[in-house]
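Remarks on the structure that follows.
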Number of protein chains: 2
Amino acid sequence: MDYGNELAIGIDIGGTNTKYGIVNHRGVILQKGELKTDIYEKVEPFIDALYEKLAPIVDLNSGEGALKGIGIGAPNANYYNGTIEHAPNLNWKGVIPFARMVSERFGLPCSITNDANAAAVGEMSYGAARGMKNFIMITLGTGVGSGIVANGQLIYGEDGFAGELGHTIVRYGGRKHPSTGLLGSLEAYASATGIVVTAKEMIRDSAEPSLLRDLNDELTSKTIFESALKGDKLAREVFRFTGQVLGEALANFVMFSSPEAIILFGGVIKAGDLLLEPTKQYMEKNLLPVFQNKVKIIFSELEEADAAILGASALVWEMKYEDSRFRSSL
Amino acid sequence: MDYGNELAIGIDIGGTNTKYGIVNHRGVILQKGELKTDIYEKVEPFIDALYEKLAPIVDLNSGEGALKGIGIGAPNANYYNGTIEHAPNLNWKGVIPFARMVSERFGLPCSITNDANAAAVGEMSYGAARGMKNFIMITLGTGVGSGIVANGQLIYGEDGFAGELGHTIVRYGGRKHPSTGLLGSLEAYASATGIVVTAKEMIRDSAEPSLLRDLNDELTSKTIFESALKGDKLAREVFRFTGQVLGEALANFVMFSSPEAIILFGGVIKAGDLLLEPTKQYMEKNLLPVFQNKVKIIFSELEEADAAILGASALVWEMKYEDSRFRSSL
């Protein structure tokens with residue numbers, strides 16, 4: 001089949017900004033834009049503003065091919081219900097029937113899922129996971145998110161919230177997560193935030209001279225990485241330890257779903273081999289022999305700035321192969 | 001559709017004994033039997049012996065309905081390839097094309113999977129998971145096995161070996177597993193073997209008077225349970241701790257695949273509420289709020305003696321809904 005002329009709208013809703021784009025089947029963003037999210041106290045005027053921004057683009061591009069629908073990635077989005085539920089970083093409280101509202105405003109089918117699931121779908125459609133039927137996407141940013149694909153399908157679970165691997169416990173009785181309160185969860189170590197905590201602990205507990213000691217308020221995963229590039233031993237140890245915890249967690253995930261690959265995405269992967277090498281090493285060390293030397297750990301192939309839009313848009317291509325659940329929000 | 005007359009053969013291959021039965025769609029075992037596994041040094045004479053045992057039963061029951069095929073549960077069985085691979089508890093070494101060999105000997109389609117996956121299929125067909133599309137089966141016996149169902153399908157993963165949750169790490173740097181060497185894996189705590197280790201540790205580390213102190217070589221998960229029933233505090237603490245570790249592990253699994261239920265199976269569940277209550281408590285405690293008070297933990301509804309045969313037989317019903325992979329071993 002030739003899908004060449006079909007187009008999809010991808011929308012990535014973040015706490016501060018919302019980005020959108022019109023995307024074709026090859027994953028080319030034909031046109032894109034953004035608007036503020038946090039200036040809208042209520043959801044209705046936000047959807048109106050989104051429509052006003054997008055309507056001219058929709059008109060412009062409707063000559064190129066059929067617009068098939070709208071895909072949305074958003075925090076705390078429930079794929080089954082089309083809702084955004086109690087999202088702590090959005091102004092709109094409670095349970096919002098977001099997909100239905102967008103669908104009615106635009107007159108197009110709409111599918112919604114959380115950010116990390118959208119990233120996984122994007123990677124499967126346009127990125128490093130093309131052709132894969134079993135993989136796990138781990139997003140390493142301010143937080144740690146995940147999307148799990150098995151048998152060629154995203155795992156949504158019974159309630160639509162499956163794939164919260166950032167909140168699995170990797171260090172029993174370990175570091176307390178600042179917002180969930182869980183002890184020793186992956187996100188407390190492998191997020192950009194967790195990396196800074198690790199650096200602070202190492203500065204405190206080690207006598208080693210280090211560039212990190214002078215950074216003070218400037219201590220971020222980025223400046224720690226820059227220090228590591230300059231050969232700073234403590235900074236390199238921060239990434240080695242982060243990779244160790246991540247690798248140990250990945251071993252657990254592999255023994256769950258035995259994927260072909262684990263795809264890492266997000267700001268933290270800029271650390272490159274400093275992170276990847278220990279991650280691989282400690283994953284292998286914690287696997288049963290039957291799983292060893294099988295699972296690739298690879299970095300996302302999508303540009304971070306575009307990935308969220310691409311991932312959201314790819315939800316639209318999924319619609320046509322799937323059952324009516326994808327349109328139940330209509 | 002009326003499947004009433006269709007029959008399936010279920011075969012459960014264990015290290016010592018092999019059990020088999022002819023099963024109908026309602027999960028009734030019409031006839032069953034067993035033979036020794038470990039007296040056969042080679043696999044060919046074992047399959048011959050199996051055929052000789054089953055041929056008369058097949059003849060007897062062929063009047064009742066169509067015999068659709070053979071399902072097998074076996075250690076280290078690979079569903080995709082139809083092979084048994086490097087099973088430590090079987091005499092037959094290397095990679096054995098078991099499903100193909102059985103299929104050729106019997107002239108019937110044959111499907112094979114590991115014991116815990118077969119148990120999950122059995123529970124879905126005849127037991128506590130009837131109608132469920134998302135659940136996790138945990139078998140608590142000498143070891144800890146698992147079968148994971150998501151979107152109504154067993155998760156086999158890229159290589160056919162998915163679902164080794166007994167080997168995921170729940171206590172970082174914890175108890176060493178006697179055969180895998182992994183530190184702190186679930187199986188080292190929640191298996192019948194692990195429960196005995198816990199009891200020995202508690203006897204050593206506590207000054208509490210306890211019936212367990214006199215058991216010596218008789219110390220088994222069964223005698224610990226009997227002591228707990230008599231009100232022995234230390235014995236009760238053994239199960240509380242086992243439930244705690246299991247519950248914490250289950251929380252991790254829930255955040256992976258968000259199942260409707262977790263089904264526990266195997267000898268260890270005879271401990272009943274002594275195990276179930278702490279398991280529930282610690283699972284809930286380690287879940288994000290979005291997952292709390294949603295996931296049922298229930299005991300298998302299948303008789304343990306029959307469950308393995310039923311589970312293996314249920315693989316046959318799966319064949320007809322699925323693609324040709326199930327028959328590739330023919």
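Bear in mind these aren't lab numbers, they're just calculated from the coordinates by the rules spelled out. Keep in mind the model is a prediction, meaning the values are calculated, not measured. Positions of Cβ are generated from backbone atoms using ideal geometry, with glycine treated the same way; all protein chains shown enter the neighbour counts.
Rounded, prolate or oblate: which fits segment B:195-235, taking a ≥ b ≥ c as square roots of the Cα gyration tensor eigenvalues, rounded meaning a/c under 1.5, else prolate when a/b beats b/c?
oblate
Over every pair of different alpha-carbon atoms in segment B:70-185, take the mean of 1/r and invert it; report that Kirkwood radius in Å. Don't jump to the answer; show the numbers that get you there.
Details: mean 1/r = 0.0655 Å⁻¹.
It is 15.3 Å.
Which value, in debye to the nearest 20, gives the size of the charge dipole of the protein assembly as shown about its Cα centre, when Lys and Arg are +1 and Asp and Glu are -1 at the Cβ? Show your work: numbers first, answer last.
On the way: 62 positive and 80 negative charges, 124 e Å.
Roughly 600 debye, rounded to the nearest 20.
Could you tell me the largest-minus-smallest coordinate of the C-alpha atoms of the protein assembly as shown on each of the three principal axes, in descending order and whole angstroms?
For the protein assembly as shown, the Cα extents along the three principal axes come out at 75, 64, 43 Å.
When a footprinting reagent is the concern and you count Cβ atoms within 10 Å, what order do B:Tyr189, B:Tyr126 take, fewest first?
B:Tyr126, B:Tyr189
Can you return the aspartates and glutamates within cross-link range of A:Lys294? Criterion is Cα-Cα under 14 Å, with same-chain partners fewer than 8 residues away left out.
A:Glu260, A:Glu284, B:Glu158, B:Asp159
Taking the Cα atoms of segment A:132-301, what is the range of coordinates along each of the three principal axes, in descending order and whole Å?
Principal extents (largest minus smallest coordinate, Cα): 49, 33, 29 Å.
Before rounding to the nearest 500, sum -39500 (n - 2.57) across all DSSP H runs of length at least 4 in the protein assembly as shown and divide by the residue total; then give [θ] at 222 nm in deg cm²/dmol.
Computed ellipticity for the protein assembly as shown at 222 nm equals -11500 deg cm²/dmol.
Using only the Cα atoms of chain B, construct the convex hull and provide its projected area averaged over every direction, in square nanometres to one decimal.
Details: hull surface 70.4 nm².
Mean orientational projected area (chain B, Cα hull): 17.6 nm².
Going Cα to Cα from B:Lys19, which aspartates and glutamates come in below 17 Å? Please leave out same-chain ones fewer than 8 positions away.
List returned: B:Glu34, B:Asp38, B:Asp48, B:Glu52, B:Asp115, B:Glu303, B:Glu304, B:Asp306.
Do any trypsin sites (Lys or Arg not before Pro) in segment B:230-265 lie in a loop, going by DSSP, with at most 12 other beta-carbon atoms within 10 Å of their beta carbon, and if so which?
In loop regions of segment B:230-265 (DSSP not H, G, I, E or B), the sparsely surrounded trypsin sites (Lys or Arg not before Pro) are B:Lys230.
Average projected area of the Cα convex hull of segment A:205-330, in nm²?
Taking a quarter of the hull surface, the average projection is 11.5 nm².
If you build a Gaussian network model of chain A, linking Cα atoms that sit under 10 Å apart, which residue out of A:Phe299, A:Phe291, A:Phe106 swings the most?
The residue with the greatest mean-square fluctuation here is A:Phe291.
Under 8 Å for C-alpha pairs, at least 6 residues apart: give me the relative contact order for segment A:132-301, rounded to a whole percent.
Across segment A:132-301, relative contact order equals 23 percent.
Based on Cβ point charges of +1 for Lys and Arg and -1 for Asp and Glu, what charge dipole magnitude is obtained for chain A about its Cα centre, in debye rounded to the nearest 20?
540 debye
Out of B:Ala87, B:Leu310, B:Ser221, whose Cα points farthest toward the positive end of the dipole of chain B (charges: +1 Lys, Arg; -1 Asp, Glu; placed on Cβ)?
The Cα lying farthest towards the positive end belongs to B:Ser221.
Going by Cα centres, segment B:1-61 and segment A:5-76 are how many Å apart?
Cα centroid of segment B:1-61 versus Cα centroid of segment A:5-76: 59 Å apart.
Which whole number gives the average count of other chain Cβ atoms within 10 Å of the Cβ atoms across peptide B:152-165?
So the per-residue partner count for this stretch is 6.
If you put +1 on each Lys and Arg Cβ and -1 on each Asp and Glu Cβ, how big is the dipole of segment B:131-301 around its Cα centre, in Debye rounded to 20?
The dipole magnitude comes to about 280 debye.
In a Gaussian network model over chain B where Cα atoms closer than 10 Å are linked, find which of B:Gly173, B:Gly21, B:Gly311 has the largest mean-square fluctuation.
B:Gly173
Set Lys and Arg Cβ to +1 and Asp and Glu Cβ to -1, take the dipole of segment A:132-301 about its Cα centre, and tell me which of A:Ile136, A:Thr180, A:Val295 lies farthest positive.
A:Val295
In a Gaussian network model over chain A where Cα atoms closer than 10 Å are linked, find which of A:Asp306, A:Asp232, A:Asp59 has the largest mean-square fluctuation.
Sorting by GNM fluctuation, first place goes to A:Asp59.
Which one, B:Val238, A:Met101, A:Val121, projects farthest toward the positive side of the charge dipole computed for the protein assembly as shown from Cβ point charges (K/R +1, D/E -1)?
Positive-most Cα among the choices belongs to B:Val238.
DSSP loop GluC sites (Glu not before Pro) in segment B:58-143 with at most 15 other Cβ atoms within 10 Å of their Cβ, which ones?
Counting only loop positions with at most 15 other Cβ atoms within 10 Å, the GluC sites (Glu not before Pro) in segment B:58-143 are B:Glu64.
Checking the a/c ratio against 1.5 first, then a/b against b/c, what shape does the Cα gyration tensor give for segment A:11-96?
Prolate shape, in that a/c is at least 1.5 and a/b is the bigger ratio.
Using only alpha carbon pairs under 8 Å that are at least six residues apart, calculate the relative contact order of segment A:108-166 and give it in whole percent.
28 percent
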